[in-house]
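Trainee: Next up is a structure, given as structure tokens.
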Amino acid sequence: MSSCQASYDLPLSAESQMCAKSYREDIEQDLCYGDSGGGLQYMNTDLVENEVVYKTPVVAAITSFGIGCAYGVPGVYVNVNHYINWMEAMISP
């Protein structure tokens, strides 16, 4: 989070926010205008006897903001896990 904090002149919360950018060197752009509210996902792989049985997409974060189109700097996302109890309380009968 400290390397991300250096890119922004704003306080960032390690509990409720996360930073991410492409792991590929040939892709410098991360977030861009209109991306807010979109999900940051990863594929959760389930193994049985060391073989992939299925993959499930998991929303880890929700797009918050970046600088311009986040060229060369990470985008800032809202950490879904931090708010999961609140979200469940809002949708539970």
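The values are calculated or read from the model by the stated rules, or taken from the named source; none is laboratory data. Since the structure is predicted, the reported quantities are computational estimates derived from the model, not experimental observations. Here Cβ is always computed from backbone atoms with ideal geometry, including for glycine, and neighbour counts include all displayed protein chains. Accessible surface is based on the protein model in full, side chains and every heavy atom, while ligands, DNA and RNA are left aside. Shrake-Rupley method; radii C 1.70, N 1.55, O 1.52, S 1.80 Å.
Trainee: Which loop-located trypsin sites (Lys or Arg not before Pro) does the stretch 1-92 contain, where loop means any DSSP state but H, G, I, E or B and the Cβ has at most 13 other Cβ atoms within 10 Å?
Mentor: Details: sites: Lys21, Arg24, Lys55; in loops: Lys21, Arg24.
Here the trypsin sites (Lys or Arg not before Pro) that fit, given the DSSP loop and packing criteria, are Arg24.
Trainee: Along each of the three principal axes of the Cα atoms of the stretch 26-70, give the extent in whole Å, ordering the values from largest to smallest.
Mentor: 45, 25, 10
Trainee: What residues have an amide H closer than 5 Å to that of Gln17, excluding those fewer than 5 places away on the same chain, when H is modeled at 1.01 Å from N in the peptide plane?
Mentor: Those lying under 5 Å, H to H, from Gln17 are Asn79.
Trainee: Measure nothing fancy, just the Cα-based angle from helix 80-91's long axis to the longest principal axis of the chain, in degrees from 0 to 90, nearest 10.
Mentor: Orientation of helix 80-91: about 60 degrees from the principal axis.
Trainee: Report Ser22's accessible area, 1.4 Å probe, all protein chains in place, as a number in Å² to the nearest 10.
Mentor: 40
Trainee: List the residues, sorted by chain then number, that are 5 or more residues from Ala61 or on another chain and whose placed amide H is less than 5 Å from its amide H.
Mentor: Leu40, Val80
Trainee: Hey, another quick one. Could you please state how large a percent of the accessible area of the chain is carbon and sulfur, counting protein chains only and using a 1.4 Å probe?
Mentor: Carbon-and-sulfur percentage of accessible area, whole number: 53.
Trainee: A further question follows. Any idea what the relative contact order of the chain is, in percent, if you count C-alpha pairs under 8 Å spaced at least 6 apart?
Mentor: Rounded, it is 31 percent for the chain.
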